[in-house]
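*Asks:* The structure that follows is given in the form of structure tokens.
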Amino acid sequence: MTARRVLARLAGVVGVLWGAATLTFIIEQLMPTDPAQTILGGAGSKPTPEQLAAVRVQYGFDQPVLLQYLRYLGGILRGDLGTSYIRKQPVAEIIGQQLGSTLTLTATALVGAWIIAVVVTLLTAHRSRALAALGSGLETLLAALPQYWLGIVLLVVFAFTLHWLPVVGDGGPEGLVLPALTLALPLAGFLGQVTRDEFSSAMEQPFAVSARARGMSDFGVRWRHALRHAVLPGLTLSGWALGSLFSTAVIVEAVFVRPGLGRVLVDAVTSQDMPVVVGVTLFVATIYVVANLLVNLAFGRIDPRLRSAAH
Amino acid sequence: MTVNVAEGLVTRTALAAPKAKSGIAFRPAVWLSAVFLLLVVAWAVVPDAFTSESPFDTDVDAAIQAPSLQYWFGTDASGRDIYTRVVFGARSSLLIGVGATALALVAAILFGFAAGLGGRLTDGAVSRFLEVVLALPGLLLALIFIAMLGPGVATEILAVAIGSAAGYAWMVRGQVIAVRNSGYVHAATALGHTRSRIIVRHVFPNAMRPLVVLATMGVGQSIVWASSLSFLGLGVAPPAPEWGAMLDAGRDFVSTAWWLELFPGLAIVGCTLAVTVLGRHLQQRIEGRLA
Amino acid sequence: MTAPLVRVEDLTVAFGAGNEPVVGGVSFEVAPGECFAIVGESGSGKSVTARTLLGLAGAGARVDATTLELHGKSVLGNRDRDWRQIRGREIGFVLQDALVSLDPLRTVGREIAETLRLHRYGSRSKRRERVLELLTSVGVPEPELRARQLPHELSGGQRQRALIASAIALDPPLLIADEPTTALDVTIQAQILDLLAAMKDRGSGLILISHDLSVVSRLADRVAVMRDGLLVEQGPVADVLTAPSHPYTRTLLDAIPAAHRKGTRLSATALPPTDPALIRPPSDDLLLEANNLVKRFRGPDGVERTAVADVSFSIGVGETLGIVGESGSGKTTTAQLALALLEPDEGTVQLGGTVWSEATEAARRPRRRQISVIYQDPLGSFDPRWTVRRIVEDAVPAELYPDGAARRQRAARLLVDVGLAEEHLDRRPLLLSGGQRQRVAIARALAPEPSLIVCDEPVSALDVTIQAQVLDLLADLQERLGLSYLFISHDLGVIHHVADRVLVMREGRVVETGTAAEIFGAPRDPYTRQLLASLPLAEPEPVSGGPA
């Protein structure tokens, strides 16, 4: 892809992120409750007007909106996402502390989802009608399951009944299995649907016939030709998948009582700690957008059909 | 969290929507789904027809009892009958599910058609706006609005609608553009038909077709989102019966009282599955007639 | 006498129990060094027959024969493992359209090497050498570069050569080619046919599957004609094509539009009497005048392409102007400009003597009745939800038939005029055949009572016998109604048959223009001459003659 297109894409990404930051700023400004009130202890406390005024000056709420906006943007560029109203810590720091746990969970889930999807597709796609229906039905089921219910079921079965895995993780790998599985299975169902459709379609294409006509076995065609085609649409969705995983990790962390960005976010929402809510959201948005960009750049070269579809 | 099909697929690739090519072929699933959904709707509309008790009646002596002939689904920590609460809980779930989806679709049609039919400027502006909104994951967007407005049914409807609207709008836009560039619209132009006639007779009906399927599956997803929010403690306030909230409340007892989690969970999962099966069936039928 | 490469006796192939066989009782032989062609229209079973020789008839196929021998060895009971030894090594298979017949995600070199690898040919470096050797032998320049590229990065002709290279990698004595040139421009087609002929001369046996009799006549020694799974006739090419014994073969030959058939009907159909309301009076006026049209497009990569450069032409009342050219010549863009569905960057179009391209769309709308269009793929031009009746009714102008009932009647009448029955009215076009759909499109094009119909490749997607019927229909309509046509096609035979005057286009420019006799009889421009020379030999005059 030409340098010009790469730059254009980058500019687009920056534009979207700027738009997202602006949007969240606007939302923040539209908050009905008084942030100063929240900082001083929330709805329950009764701060004096002088205290409120002092906080406003300290946090810059008394300044014109435009100036606040510019300071906000400038802060983001420096990596400063503001300060939590409740914890009085810089948001960036909070994210940094909790990021590792969530990241491990998300990455493991993504890999796990892919493995499950590919295995199921290879085993059941484009074979007898019964197998295909089975595989497809399984995928639909998985994709439709609500995360938290799945998590609870897995907990009950594997932790409480079978005692194979711990109920609450201690940070070690065993504690990762159930939460990652909970995140991975629905995504695997969805990826499986996409992969399976593309796989079946690829097996019917003329190039599959060409390969067989050269002396290749059916399995060879699946493994060496169809699979590559099958994973392509799923891979282009990776950016979105990552963003979606991050946001549903919120639920899973709640179910499994795991530390991570999810807990932070939920607490922030309950206590109306807007900087944290906005900061985490922007962070996830950035990951999503950047991942998409990387995926588009990488795969646009491989499959020319994707170049037009990616727009 | 059910994966947001519309948002992801349409945003990033025009290729592989999970079309029902390899969909569920057997009819019993479709019938079962339809029956189940009708039951849930009945629960929502006339809950008193299905249970004689009130979801708020507590009975401390009967707390945490396993399912029996008297309490079909068992009782919870305050001795309330879970079956009754599940039946009454259908109302808020359906309300939010259908309400949020309807609201999101209205917004999606407005934005999608404006972008698809408008000139380059309009399309550019709306598309950029949608891209920005889409960059913020739906659930998080919903969370932000809950943070802003505080929990409550109306807020939940609004929040879930906002979280899913952008994805739908993007799909509508894509459809409108596809139809606008189609052979039959060109043929109609060549016949000398006016733009408004073409829009009314061709663009609108053909662009709206896939939305029917989307709306059906969207209701399922909205129900899940709504109950997820309640599960996190951000939804309907207790002691109102709500499936997600019931799951949250039962979490502490999950090792000993499995029925607290199972039945509300089954209700949600049942709705989602039924709606997905019906949606795919609809999709197959629509495509079968057209393709 | 050398043993035949292929011996087939009484071959039957069926899918699923109790279904009609797709191939029934087919028998033939192929000797080394000869080219045996199997000809037929869609559904004839020719492709299935060819694939059965590779054991690739398809999932669920039941193959039965008295004899099915390759190199004297029976392959009837072969399991997949046995077939894998034969495919690639003893038989090579070439499909049409290398764009989809080569894996678009793998480099050309790897696709060719795959044959070598599967049959354990030498080491990796030896295979690499062989790949380059093969690419050179099939005439692909810069083989080192091409081997590293993906199929879509090569031109159509080079791709097809690469596909052939992958089939002949192990020098199999028999090559099966299923429509190897159908997706190619006529000049490229000629080159590929030369390549295949050279291979035949070197001693390979060749089985050629095609619907195109002229391609067959260029390459084949013997030919078999198939219809609905049955082999109706076979024999030496010269015999079958000049003195066919089976009536179907005769129909097939008569249907081919070519020099000697100009002015005659191609098919045996007849048309009901026409509605006098549609008749256009003869006149000397010019219906359409295009002057110095230029149209440029900006590609997705930002580069500007000139699709049409300085194109001028005119069409009179009752005449057919043919535009012929290969892909990328700009003929479709020219059609769109004539219809004023595209605005030219430079130049003007005038319809009926008044401004057309320069007018506003609002001014053009009421006049659009005068000019209609039919496309190569009529299905895409129909609203997928509408029935045939609604499609045609929608085109009947309200000014002429303000009453709904009158419009319905008119639509029904139009459909009868194009040879469709009342029962088709309430069907969806999806359920109709290709030929019937095109008739619906023609009915719709006639509904506004136009003077000129733009026909953009209207018969290219149809089987040759159906094509004949549609061409006859168009000719009848022109004769009875005084219509004019702007007829666009890449098929020189069709253009020769229908056009009064011809425009030859290449890369957006008009290369030559003149009457059909001038262009086809005494072409002046070297490109036109090359086009005509690329045509596989036209078959000689059939002794039987056709319906006049």
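The values are calculated or read from the model by the stated rules, or taken from the named source; none is laboratory data. Treat the numbers as computed from the prediction; the structure is a model and nothing was measured. Ideal geometry is used to build each Cβ from the backbone, glycine not excepted, and the neighbour counts take in all protein chains shown.
*Asks:* If you take the residues in segment C:41-56 that are among the aliphatic types (A, V, I, L, M) and in a loop (DSSP other than H, G, I, E, B), which one is nearest to C:Val216 (Cα to Cα)? Please lay out each step first, then the result.
*Replies:* Taking segment C:41-56 as the starting set, the residues that turn out to be among the aliphatic types (A, V, I, L, M) are C:48, C:50, C:53-54, C:56.
If we keep only those that are in a loop (DSSP other than H, G, I, E, B) as well, we get C:53-54, C:56.
Working: C:Leu53: 20, C:Leu54: 22, C:Leu56: 24 Å.
Out of the qualifying residues, it is C:Leu53.
*Asks:* Sticking with this one: Kindly state which helices (runs of 4 or more DSSP H) lie completely within segment B:172-243 and contain at least 2 residues that are more than 10 Å from chain C (Cβ to nearest Cβ) and crowded, with 22+ Cβ neighbours inside 10 Å.
*Replies:* On the way: elements: B:183-190, B:195-198, B:204-231.
Filter on segment B:172-243 gives B:204-231.
*Asks:* Further question: List, please: which pairs have Cβ atoms under 7 Å, are six or more places apart or on different chains, and start with a residue in segment A:271-299 that is without any contact (Cβ under 8 Å) to a residue 40 or more places away in the chain and end with one that is surrounded by 23 or more Cβ atoms within 10 Å (Cβ to Cβ)?
*Replies:* Correct list of pairs: A:Val277/A:Leu265; A:Val277/A:Ala268; A:Val277/A:Val269; A:Val277/B:Leu143; A:Val277/B:Ile144; A:Val277/B:Ala147.
*Asks:* Take A:Thr236 and decide whether it is crowded, with 24+ Cβ neighbours inside 10 Å, within 14 Å of chain C (Cβ to nearest Cβ), farther than 30 Å from C:Tyr121 by Cα and within 24 Å of the chain's Cα centre (by Cα). Break it down stepwise before answering.
*Replies:* Numbers: crowded, with 24+ Cβ neighbours inside 10 Å: yes; within 14 Å of chain C (Cβ to nearest Cβ): yes; farther than 30 Å from C:Tyr121 by Cα: yes; within 24 Å of the chain's Cα centre (by Cα): yes.
Taking the combined requirement at face value, the residue satisfies it.
*Asks:* Something else about it: So which residues in segment C:57-75 are surrounded by 17 or more Cβ atoms within 10 Å (Cβ to Cβ) and not in a strand (DSSP E or B), if there are any at all? If you could, list the steps in order and put the result at the bottom.
*Replies:* Just the residues of segment C:57-75 that are surrounded by 17 or more Cβ atoms within 10 Å (Cβ to Cβ), to begin with: C:57, C:61, C:63, C:65, C:68-70, C:75.
Within segment C:57-75, C:Ala57, C:Ala65, C:Val75 qualify.
*Asks:* Among (1) in a loop (DSSP other than H, G, I, E, B); (2) of a type in the set (D, E, K, R); (3) buried (at least 19 other Cβ atoms within 10 Å of the Cβ), there is one condition C:Glu111 misses while meeting the rest; what is its number?
*Replies:* Checking C:Glu111 against (1) in a loop (DSSP other than H, G, I, E, B); (2) of a type in the set (D, E, K, R); (3) buried (at least 19 other Cβ atoms within 10 Å of the Cβ), the one that fails is (1).
*Asks:* Can you spot a residue in segment A:251-258 that is surrounded by fewer than 19 Cβ atoms within 10 Å (Cβ to Cβ), in a helix (DSSP H, G or I) and touching a residue at least 40 places away in the same chain (Cβ under 8 Å)?
*Replies:* Applying the first criterion (surrounded by fewer than 19 Cβ atoms within 10 Å (Cβ to Cβ)) to segment A:251-258 yields A:257.
Narrowing further to those that are in a helix (DSSP H, G or I): none.
There is no residue in segment A:251-258 that is surrounded by fewer than 19 Cβ atoms within 10 Å (Cβ to Cβ), in a helix (DSSP H, G or I) and touching a residue at least 40 places away in the same chain (Cβ under 8 Å).
*Asks:* Filter segment C:114-128 for residues that are in contact (Cβ under 8 Å) with a residue 12 or more places away in the chain and part of a loop (DSSP other than H, G, I, E, B); which is nearest to the other protein chains (Cβ to nearest Cβ)? Can you show your working first?
*Replies:* Restricting attention to segment C:114-128, the residues satisfying the condition of being in contact (Cβ under 8 Å) with a residue 12 or more places away in the chain are C:114-116, C:118-119, C:121, C:127-128.
Filter once more, so that each one left must be part of a loop (DSSP other than H, G, I, E, B): C:119, C:121.
Numbers: C:His119: 6, C:Tyr121: 11 Å.
Looking at the filtered set, the residue picked out is C:His119.
*Asks:* For segment A:213-232, enumerate the residues that are facing another protein chain (nearest Cβ under 7 Å) and surrounded by fewer than 24 Cβ atoms within 10 Å (Cβ to Cβ).
*Replies:* Matches in segment A:213-232: A:Gly215, A:Met216, A:Ser217, A:Arg228, A:His229.
*Asks:* Condition test on A:Thr121, is it crowded, with 19+ Cβ neighbours inside 10 Å, over 27 Å from A:Val250 (Cα atoms) and either of a type in the set (Phe, Trp, Tyr) or in contact with a helix residue (DSSP H, G or I) (Cβ under 6 Å, 6 or more places away or on another chain) (or both)? Talk me through it step by step, then tell me what you get.
*Replies:* Values: crowded, with 19+ Cβ neighbours inside 10 Å: yes; over 27 Å from A:Val250 (Cα atoms): yes; either of a type in the set (Phe, Trp, Tyr) or in contact with a helix residue (DSSP H, G or I) (Cβ under 6 Å, 6 or more places away or on another chain) (or both): yes.
Considered against the rule, which asks whether it is crowded, with 19+ Cβ neighbours inside 10 Å, over 27 Å from A:Val250 (Cα atoms) and either of a type in the set (Phe, Trp, Tyr) or in contact with a helix residue (DSSP H, G or I) (Cβ under 6 Å, 6 or more places away or on another chain) (or both), A:Thr121 comes out as yes.
*Asks:* Also, quick follow-up: Taking the condition of being in contact (Cβ under 8 Å) with a residue 60 or more places away in the chain and farther than 17 Å from B:Gln70 by Cα, how many residues in segment B:35-55 meet it?
*Replies:* Going residue by residue through segment B:35-55, those that are in contact (Cβ under 8 Å) with a residue 60 or more places away in the chain are B:36-37, B:40, B:55.
Of the ones still in play, those that are also farther than 17 Å from B:Gln70 by Cα are B:36-37, B:40.
Total satisfying the criteria: 3.
*Asks:* State the number of residues belonging to segment A:116-160 that are among the charged types (D, E, K, R) and within 24 Å of the chain's Cα centre (by Cα).
*Replies:* Within segment A:116-160, the subset among the charged types (D, E, K, R) is A:127, A:129, A:139.
The next check asks that each one be within 24 Å of the chain's Cα centre (by Cα); those that pass are A:139.
So the count comes out to 1.
*Asks:* Spot the failing condition for C:Ala335; the list is (1) of a type in the set (A, V, I, L, M); (2) in a helix (DSSP H, G or I); (3) over 21 Å from C:Ala499 (Cα atoms), and only one is missed.
*Replies:* Exception for C:Ala335: condition (3).
*Asks:* Please enumerate the residues belonging to segment A:179-225 that are of a type in the set (Phe, Trp, Tyr) and in contact with a helix residue (DSSP H, G or I) (Cβ under 7 Å, 6 or more places away or on another chain). It would help to see each step written out before you state the result.
*Replies:* First pass over segment A:179-225, keeping only residues of a type in the set (Phe, Trp, Tyr): A:190, A:199, A:207, A:219, A:223.
Within segment A:179-225, A:Phe190, A:Phe199, A:Phe207 meet the criteria.
*Asks:* Okay, next question. Which residue, of B:Val212, B:Val200, B:Val254, is without any contact (Cβ under 8 Å) to a residue 12 or more places away in the chain and touching a Leu at 6+ places or on another chain (Cβ under 8 Å)?
*Replies:* Numbers: B:Val212 fails: without any contact (Cβ under 8 Å) to a residue 12 or more places away in the chain; B:Val200 fails: touching a Leu at 6+ places or on another chain (Cβ under 8 Å).
It is B:Val254.
*Asks:* Quick one: A:Arg87 ticks every box in (1) of a type outside the set (Phe, Trp, Tyr); (2) farther than 30 Å from A:Arg222 by Cβ; (3) part of a helix (DSSP H, G or I) bar one, so which box is it?
*Replies:* Unmet condition: (3).
*Asks:* Can you give me the number of residues within segment C:77-87 that are at pLDDT below 90 and either in contact with a helix residue (DSSP H, G or I) (Cβ under 9 Å, 6 or more places away or on another chain) or at the interface with chain A (Cβ under 8 Å from one of its Cβ atoms) (or both)?
*Replies:* 2
*Asks:* Another question, then. Having 1 or more residues that are closer than 21 Å to C:Asp97 by Cβ is the bar; report the helices (runs of 4 or more DSSP H) wholly within segment C:170-265 that clear it.
*Replies:* On the way: elements: C:186-201, C:213-219, C:237-242, C:247-254.
Helices (runs of 4 or more DSSP H) meeting the threshold: C:186-201, C:213-219.
*Asks:* From B:Val185, B:Val160, which residue is at pLDDT 85 or above, among the aliphatic types (A, V, I, L, M) and either more than 20 Å from B:Thr101 (Cβ to Cβ) or in contact with a Lys or Arg (Cβ under 8 Å, 6 or more places away or on another chain) (or both)?
*Replies:* Details: B:Val160 fails: either more than 20 Å from B:Thr101 (Cβ to Cβ) or in contact with a Lys or Arg (Cβ under 8 Å, 6 or more places away or on another chain) (or both).
Result of the check over B:Val185, B:Val160: B:Val185.
*Asks:* Let me ask something else about it. Identify all residues within segment C:101-120 that are over 31 Å from the mean Cα position of the chain (by Cα) and among the aliphatic types (A, V, I, L, M); write none if there are none.
*Replies:* Matches in segment C:101-120: C:Ala113, C:Leu116, C:Leu118.
*Asks:* Here's another thing I want to ask about it. What tally of residues in segment A:42-82 results from selecting those that are outside any helix (DSSP H, G or I), surrounded by 12 or more Cβ atoms within 10 Å (Cβ to Cβ) and of a type in the set (S, T, N, Q)?
*Replies:* Qualifying residue count, segment A:42-82: 1.
*Asks:* Considering A:Ile39, A:Ile27, which residue is surrounded by 19 or more Cβ atoms within 10 Å (Cβ to Cβ) and within 8 Å of another protein chain (Cβ to nearest Cβ)? Quick ask: steps written out before the conclusion?
*Replies:* Numbers: A:Ile39 fails: within 8 Å of another protein chain (Cβ to nearest Cβ).
After ruling out the rest, the residue left standing is A:Ile27.
*Asks:* Could you please find all residues in segment C:363-390 being within 9 Å of another protein chain (Cβ to nearest Cβ) and closer than 30 Å to B:Glu287 by Cβ? Give the derivation first.
*Replies:* The first filter runs over segment C:363-390 and keeps only residues within 9 Å of another protein chain (Cβ to nearest Cβ), leaving C:364-369, C:371-373, C:375, C:377-386.
Those that are within 9 Å of another protein chain (Cβ to nearest Cβ) and closer than 30 Å to B:Glu287 by Cβ: C:Val373, C:Tyr375, C:Asp377, C:Pro378, C:Leu379, C:Gly380, C:Ser381, C:Phe382, C:Asp383, C:Pro384, C:Arg385, C:Trp386.
So that you can scan it fast, the table gives a plain yes or no per residue for (1) more than 7 Å from chain A (Cβ to nearest Cβ); (2) surrounded by 16 or more Cβ atoms within 10 Å (Cβ to Cβ); (3) closer than 18 Å to A:Gly137 by Cα:
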{"position": "B:Phe253", "(1), (2), (3)": "yes, no, no"}
{"position": "B:Thr256", "(1), (2), (3)": "yes, no, no"}
{"position": "B:Phe263", "(1), (2), (3)": "yes, yes, no"}
{"position": "B:Gly270", "(1), (2), (3)": "yes, yes, yes"}
{"position": "B:Leu273", "(1), (2), (3)": "no, yes, yes"}
{"position": "B:Leu278", "(1), (2), (3)": "yes, yes, yes"}
{"position": "B:Gln284", "(1), (2), (3)": "yes, yes, yes"}
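*Asks:* Run B:Arg173 past the list (1) free of Cβ contacts under 8 Å to residues at least 24 places away in the same chain; (2) among the charged types (D, E, K, R); (3) closer than 30 Å to C:Thr333 by Cβ and report the number of the one that doesn't hold.
*Replies:* Unmet condition: (1).
*Asks:* On to the next question. Of (1) outside the structural domain of A:Val277 (by TED's automatic domain parsing); (2) out of contact with any Asp or Glu (no Cβ under 9 Å at 6 or more places or on another chain); (3) farther than 25 Å from B:Glu131 by Cβ, A:Gly100 satisfies all except one. Which?
*Replies:* (1)
*Asks:* Restricting to segment C:145-182, and then to whatever is in contact (Cβ under 8 Å) with a residue 40 or more places away in the chain and charged (D, E, K, R), can you tell me which residue is surrounded by the most Cβ atoms within 10 Å (Cβ to Cβ)? It would help to see each step written out before you state the result.
*Replies:* Keep residues of segment C:145-182 that are in contact (Cβ under 8 Å) with a residue 40 or more places away in the chain, which gives C:147-152, C:154, C:156, C:159-160, C:162-170, C:172-182.
Then keep just the ones that are charged (D, E, K, R); that gives C:148, C:159, C:178-179.
Values: C:Arg148: 12, C:Arg159: 24, C:Asp178: 22, C:Glu179: 19.
Of everything passing the filter in segment C:145-182, C:Arg159 is surrounded by the most Cβ atoms within 10 Å (Cβ to Cβ).
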